[in-house]
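Have a look at the structure below, then the notes.
Only the coordinates and a few stated rules stand behind these numbers; no lab work does. Computed from a prediction, not measured in an experiment: that's the story for all the values here. A quick note on method: Cβ atoms are made from the backbone with ideal geometry, for glycine too, and the neighbour counts reach across all protein chains shown.
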Amino acid sequence: MGLTATEKIIDKHLVEGKMTPGSQIAIRIDQTLTQDATGTMAYLEFEAIGIPEVKTELSISYVDHNLLQSDFRNADDHRFLQSIAGRYGIHFSRPGNGICHQVHLERYAVPGKTLLGSDSHTPTAGGCGVLAIGAGGLDVAMGMAGQPFYLRMPYVTGVRLTGKLSPWVSARDVILELLRLMTVKGGVGKVIEYFGPGVATLSVTDRATIANLGTELGATSTVFPSDETTRSFLVSQKREKVWQILEADQDATYHEIIDMDLSSLEPMIACPSSPDNVVPVREVAGQPISQVIIGSCANSSFRDIVVAAKSLESREIHPFVSFEINPGSRQVLENADMAGALRTLIHAGARIHQCGCLGCIGMGQAPATDTISLRTFTRNFPGRSGTKDDRVYLCSPETAVASAIQGIITDPRDLGQAPDVLLPETYFINDNGIIPPPGDGSKVSVLRGPNIKSLPEFEPLPEDLKAKILLKVEDNITTDHIMPAGSKILPLRSNVPAISEYVFSAIDPGFSSRAKEAGIIIIVGGENYGQGSSREHAALAPRYLGVRAKLVKSFARIHKANLVNFGILPLTFMDPDDYDRIKQGDTVAIPGLRTALLAGSDTVSVEVGKDKTIQARLELSVRDRLILASGSLLNWVRARIQAGQGSVFSL
Ligand code: MIC
Ligand code: SF4
């Protein structure tokens with residue numbers, strides 16, 4: 001039987017398990033990436049493993065999330081990241097060089113390879129035929145140490161593209177349409193693979209936009225074939241030699257197929273406050289706006305910036321709108337400049353920022369009270385912009401610029417003739433923003449500022465668990481609810497005691513002080529709990545506060561893996577109606593938990609108060625169970641190293 005492109009990559013990298021969807025597999029990791037906000041912790045964890053040097057083909061540390069340097073802490077983090085990269089054989093992409101996913105696509109993505117990144121939008125490289133997966137920092141640290149990555153063999157959903165996008169309609173509209181169809185839960189456990197004649201009409205950066213936002217479907221990854229378009233892209237990056245073909249076999253079978261005719265699509269927009277709250281732009285057109293930003297790892301490539309500039313030729317930004325450009329990379333900025341786009345943008349009234357995540361992660365650019373902000377970003381979760389009760393819409397660069405001109409949400413087709421954007425045959429390339437490691441890093445000293453605190457130690461799982469339900473939450477709780485980001489909190493990513501003060505602060509400001517009195521804690525939640533970011537702080541900081549279990553209707557993939565890595569038991573309701581039978585403040589007990597876990601039991605009885613018992617499911621692999629019993633992945637790995645089993649982590 002033939003294989004899909006995804007299966008071909010997995011097959012080549014499989015080190016454990018069988019390619020049966022849903023079963024546990026382990027794959028070899030060729031490349032890793034980290035970004036600063038998750039990276040400081042990932043490198044502290046890598047250090048704690050005790051290996052002299054990374055064992056991957058390429059590992060790279062990007063600095064893109066926190067560039068504010070509002071005090072010494074952020075600058076110290078940058079110095080720490082640069083020095084530890086040199087120490088362990090890791091490339092370092094300097095602050096201002098660009099967003100990890102955009103730079104990686106340009107300079108390092110190799111068709112057919114595996115990439116593990118400590119950021120949920122790592123699948124962006126899937127636009128170039130890479131199997132790229134987002135994970136928690138500890139899993140990426142393990143990848144750097146040469147260990148395989150454990151995951152459930154994904155179901156492969158095929159999206160067959162036909163036709164060609166109409167003028168003013170672009171890649172963002174393709175994925176917004178898919179988000180409308182599949183919702184933020186629709187991709188869980190799946191890789192979304194694109195095929196069909198429509199693929200050839202999309203450039204690699206268009207494909208990367210679509211792959212990037214596959215994360216918002218909850219998908220494990222997104223994979224595009226590697227074809228002649230991919231080859232031309234690699235030629236334009238002077239990297240043709242890494243090109244290789246990747247396509248599904250003629251007789252490959254997909255788990256399901258979604259047909260999409262590109263010609264039938266129209267400009268779409270995600271309304272507040274979820275990326276799947278999608279409608280055609282015309283349905284919400286006419287509402288006044290105060291801010292428009294083009295940027296983020298989803299839509300800040302050369303094409304995205306130039307299409308905005310061309311649309312602005314002999315036009316101006318509306319006087320009530322702040323129009324802002326966050327270029328994806330220094331390469332984008334330099335090439336847009338050479339194409340004359342920057343001058344047009346500046347002249348029309350745009351505010352040009354440095355290359356990085358900036359407002360996408362709430363580092364500045366917060367919108368005004370009770371006004372609409374249009375962004376080409378990835379997420380519009382409530383409050384992520386930094387403004388309470390924000391009204392953030394997500395759309396294409398075309399819709400963004402048309403609206404910035406008119407001052408109201410505008411269907412870009414109203415602007416008349418669509419601009420033509422020619423991609424450079426070869427980009428002007430300058431890699432001086434990337435510092436390769438020295439041949440021998442053993443002499444490099446790691447520079448640690450006072451805000452960089454070592455990792456807390458965690459106790460093994462007790463035999464009997466007695467805990468209090470300190471918080472009960474609804475469906476679709478995001479990691480931005482659990483562990484918010486933004487300019488106040490992001491500088492604390494290397495300081496677990498300090499950042500833990502903000503756990504759940506967005507929805508329950510008293511949580512961390514209550515937690516300090518409560519002892520052992522359990523959290524109850526609904527469907528798709530922990531969607532969004534890969535930030536392991538959303539597991540690490542609650543664990544530090546005493547959270548030992550979460551009982552929910554269903555989990556998002558990366559968050560569940562992070563919970564296991566930090567010794568928090570992920571339990572799901574056998575009967576979802578039991579969610580309504582328990583309340584915040586109840587006490588729960590799970591007697592004999594440790595024995596049941598290690599015996600491989602699939603269910604446990606949870607006693608709630610004095611008179612109720614409900615059943616909870618333990619959907620865990622053998623490895624997960626051992627990690628949970630040890631108290632954390634690091635405890636488990638250290639114990640194995642001490643027992644002389646250090647080089648073989650597999651089970
Ligand atoms: C995000 O977009 O939410 C982030 C910030 O890039 C996160 C990583 C983080 O929290 O550091 C992600 O998507 O994984
Ligand atoms: Fe950065 Fe935003 Fe992309 Fe996250 S989604 S990596 S914050 S640009």
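Annotations for the structure displayed:
- Among R448, R557, the ranking by other beta carbons within 10 Å of each residue's beta carbon, starting with the fewest, stands as R448, R557.
- Value at 222 nm in deg cm²/dmol, rounded to 500, when DSSP H runs of n ≥ 4 in the chain each add -39,500 (n - 2.57): -8000 deg cm²/dmol
- The Stokes-Einstein estimate for the stretch 409-479, based on a Kirkwood radius over Cα pairs and taken at 10 °C with 1.306 mPa s viscosity, is a diffusion coefficient of 72 µm²/s.
- In the chain, Cα pairs under 8 Å separated by at least six residues give a relative contact order of 14 percent.
- Modelled spin labels at N495 and R351, positioned 7 Å past Cα toward Cβ, are 2.8 nm from each other.
- Calculated P(r) tail over 14 Å for the stretch 487-562, as whole % of Cα pairs: 62 percent
- All other residues whose Cβ lies under 15 angstrom from that of A539 are scored, Lys and Arg at +1 and Asp and Glu at -1, for a net of +2.
- Highest mean packing first, where packing is the average number of other Cβ atoms within 10 Å per residue, the peptides 202-215, 277-290, 84-97 line up as 202-215, 84-97, 277-290.
- Environment charge at V278 (Cβ cut-off 11 Å; Lys +1, Arg +1, Asp -1, Glu -1): -3
- Rg over Rh [alpha-carbon atoms, Kirkwood Rh] for the stretch 153-193: 1.03
- Straight-line cross-link reach from K516 at under 26 Å between alpha-carbon atoms covers these lysines, not counting any fewer than eight positions away in the same chain: K453, K466, K468, K472, K488, K550, K560, K583, K610.
- Distance (nanometres) between label positions extended 7 Å along Cα→Cβ at R640 and E53: 2.3 nm
- What the pair-distance distribution of the stretch 292-366 shows, using all Cα-Cα distances binned every 5 Å from zero, is 3, 18, 31, 26, 16, 6, 0 percent.
- Pairwise Cα inverse-distance average, inverted: Kirkwood Rh of the stretch 474-626 (Å): 15.8 Å
- Cross-link reach is defined here as a Cα-Cα straight distance under 15 Å, omitting same-chain residues fewer than 8 places apart; for K553 the aspartates and glutamates meeting it are E474, D475, E527, D575, D577, D578, D580, E619.
- With K and R counted +1 and D and E -1, the other residues having a Cβ less than 15 Å from that of S500 yield a net charge of +3.
- For the stretch 4-21 and the stretch 97-163, distance of Cα centres in Å: 15 Å
- Bridge type composition, the chain - antiparallel percent by DSSP, nearest 5: 35 percent
- The protection proxy used here, the mean number of other Cβ atoms lying within 10 Å of each residue, ranks peptides 158-165, 481-488 as follows, highest first: 481-488, 158-165.
- Proxy reagent accessibility, fewest Cβ within 10 Å first, across C271, C395, C355: C271, C355, C395
- Computed Kirkwood radius, in angstrom, where 1/r is averaged over Cα pairs of the chain: 24.8 Å
- With the convex hull drawn over the C-alpha atoms of the stretch 553-651, the volume per residue is 109 Å³.
- Sorting the segments 329-336, 463-470 by their residues' average number of neighbouring beta-carbon atoms within 10 angstrom, most packed first, yields 329-336, 463-470.
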